[in-house]
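Peer 1: Before I ask anything, here is the structure I am working with.
Derivation of every value follows stated rules applied to the coordinates shown; laboratory data play no part. Because the structure is predicted, anything quoted here is derived from the model rather than measured. Please note: Cβ atoms are built from the backbone with ideal geometry, for glycine as well, and neighbour counts cover all protein chains shown.
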Amino acid sequence: MKPKRTEAIVLHTIAVRERDKLVVFLTPEHGKRKGWAYGARGARSRFGASLEPLAKINIGFIEKESEEVVRIESVDLIRSLFPAQQNLLGSIAATYIAETVDTFAIADDPSELIYRLLDRTTEALLAGATPLAVVAYTEVWILRLSGILPSLKNCIVCDQPLARPLRYDARVSGFVCENCTTRDADVIPNDVADALDAIMKFPVAEFAARAESDAVIFELRSLAGALRRHFLGHELKSFDILASLAGSR
Amino acid sequence: MTAPPLANLINELTKLPGVGGKSASRLAYHILKRPVAEAESLATAILEVKSKIFRCSICNNMTDVEPCAICDDPRRDASIICVVEEAFNIATIEQTRDFRGVFHVLLGALSPLKGVGPQDIDVHGLVRRVQSGNVREVIVATNPNVEGEATALYIAQQLRTLDVKTTRLAFGLPVGGDLEYADQVTMAKALEGRREI
């Protein structure tokens, strides 16, 4: 059987048996896949560092119609995130980004945009961008690509154009205009709304270079977090750990 | 249909790490074929390990005496602490016969995806040992993967203000390996950690 070859980014791995790994990876053409990497945990494994989280690789795998998990045949490392993971916050942020993408990417569903988002955010981390700015960018864009981010232009209730300041109403999970607003709606400060616009407009490296204040990043992440939790019904596992380490800097 | 006692044994064996249904079944049938004395001996060994083995109050190593044989050995250099993720990692380092310091077992590694944060591993115990004095060097021997590296960075951050040298095990090429098959990260790390000969 001829192996399929594609570019991929490793999302996470699970140690299995004595020396094997179950690898979850994202590809542009095949979406999220799971594959067995036999012998990958051995000191002299042919896979080396190429199956570490967020490594960009060329992967060759064999899939059988009846099996959900493919067999990984070959891996060539294109880019490792290891240099960015030499910084504690960068490392935890990378793990959080991987979990975010893993949660929203759909198995076997081609996801070129999500793949490109992950590729660019990883590249930004490697280039030394502020980890939390990259995290905020990823959180907002993953909601957008998953169809969860409400319109920033029109009121979710009456569809009228929105004016500043933006108001977010958690009860309807969207932005509301002045006429539809209630006491429960949160007013989004204009600098946060500007940052939200910038996320939509600019590539991640350019957004990170704007050096938004910690307060703006915090507000952006709170907003994205509220939308994400409302959709998922739970929080991501690495959220609290990232929050505790970001707070202890 | 499998007899209930046999099914029960297979079910219990599948709870062991790395043992799937087929392996559990093979092990159970193997036990069944062996003499009763052998099965009793296995059962006794399992019960004994659970009743007699506990964690050393100093280093978290698994022991049947307090403190453990390594912490209690006057020939060991207590000023050098080697930090490992799990107690079974101690055996790997002890096999070298080159390390004469003592150990500290973290009881895990930072693993955000498993929800394991700094409060879930024993870095506080390590900091307390360093603060109590006479520690010159802490060698971080966590696994050379993302989780192990994050843990090493966290330990270094926690020890930064204390008067102790913190080092990390070298990364590099495996002895007997072939340069041709080294990936770019391992090769870069090997170059970074090169030494004069």
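Peer 1: Identify, among B:51, B:19, B:74, the residue whose Cα sits farthest towards the positive end of the charge dipole of the range B:1-97, taking +1 on the Cβ of Lys and Arg and -1 on the Cβ of Asp and Glu, with the dipole about the Cα centre.
Peer 2: B:19
Peer 1: I'd like the Kirkwood hydrodynamic radius of chain B, using the inverse of the mean 1/r over distinct C-alpha pairs, in Å.
Peer 2: 19.9
Peer 1: Work through the residues other than residue B:52 whose Cβ is under 15 Å from its Cβ and net out their charges, Lys, Arg +1 and Asp, Glu -1.
Peer 2: Numbers: positive: B:50, B:55; negative: B:48, B:64, B:66.
So the surrounding residues net to -1.
Peer 1: How large is ³J(HN,Hα) for each residue in the range B:141-151, as worked out from phi by the Karplus curve 6.51 cos²θ - 1.76 cosθ + 1.60 (θ = phi - 60°), to whole Hz, x for Gly and Pro?
Peer 2: 10, 6, 4, x, 10, 4, 5, x, 5, 4, 5
Peer 1: While we're here: With 20 Å as the cut-off, how large is the P(r) tail for the range B:75-168, expressed as percent of Cα-Cα pairs? Please list the in-between numbers first.
Peer 2: Working: 1340 of 4371 pairs.
Every Cα pair in the range B:75-168 considered, those over 20 Å come to 31 percent.
Peer 1: Taking the Cα atoms of the protein assembly as shown alone, what are Rg (to one decimal) and Dmax (as a whole number) in Å?
Peer 2: Rg and Dmax of the protein assembly as shown, Cα atoms, are 25.6, 83 Å.
Peer 1: Per 5 Å bin from zero, what fraction in whole % of the C-alpha pairs of the range A:47-166 is there, up to the bin with the longest pair?
Peer 2: 2, 10, 17, 18, 17, 13, 11, 5, 4, 3, 1, 0
Peer 1: What nm value, rounded to one decimal, do you get for the distance between residue A:34 and residue B:171 when each label is placed 7 Å out toward the C-beta?
Peer 2: 2.8
Peer 1: What is the spin-label model distance, in nm, from residue B:180 to residue B:78 if the labels are put 7 Å beyond Cα along the C-beta direction?
Peer 2: Output for this residue pair reads 5.2 nm.
Peer 1: Return the lysines within reach of residue A:64: Cα separation strictly under 20 angstrom, same-chain partners fewer than 8 residues apart disregarded; answer none if there are no such residues.
Peer 2: Cα-Cα hits under 20 Å: A:2, A:4, A:21, A:32, A:34.
Peer 1: Across peptide B:116-129, what mean number of C-beta atoms from other chains lies inside 10 Å of a residue's C-beta? Don't skip to the answer; put the middle values down first.
Peer 2: Details: counts 3, 9, 4, 2, 1, 0, 0, 0, 0, 0, 0, 0, 0, 0.
The mean count of partner-chain Cβ atoms within 10 Å per residue comes to 1.
Peer 1: OK, next. Might you report the magnitude of the Cβ-based charge dipole of the protein assembly as shown about its Cα centre, with Lys and Arg at +1 and Asp and Glu at -1, to the nearest 20 debye? Intermediate results must be reported in sequence, preceding the final value.
Peer 2: On the way: 53 positive and 57 negative charges, 137 e Å.
The calculation lands at about 660 debye.
Peer 1: Mean projection of the alpha-carbon convex hull of chain A over all orientations, in nm²?
Peer 2: Details: hull surface 59.5 nm².
Average projection, Cα convex hull of chain A: 14.9 nm².
Peer 1: Taking just the alpha-carbon atoms of the range A:123-168, what radius of gyration and Dmax come out, in angstrom?
Peer 2: Cα only, the range A:123-168: 14.3, 43 Å (Rg, Dmax).
Peer 1: Can you tell me the FRET efficiency between residue A:198 and residue B:12 if r is taken as the Cβ-Cβ distance and R0 is 56 Å, rounded to the nearest 0.05?
Peer 2: Numbers: r = 57 Å, r/R0 = 1.01.
Once the sixth-power term is evaluated, E becomes 0.50.
Peer 1: Rg and Dmax in Å for the range B:4-52, alpha carbons only: what are they?
Peer 2: Final numbers for Rg and Dmax: 11.2, 31 Å.
Peer 1: Excluding same-chain pairs closer than 8 in sequence, count the lysine pairs in chain B whose Cα atoms lie under 21 Å apart. Let's see the in-between values first.
Peer 2: Working: B:15/B:50; B:15/B:114; B:22/B:33; B:165/B:189.
Going through chain B pair by pair, I get 4.
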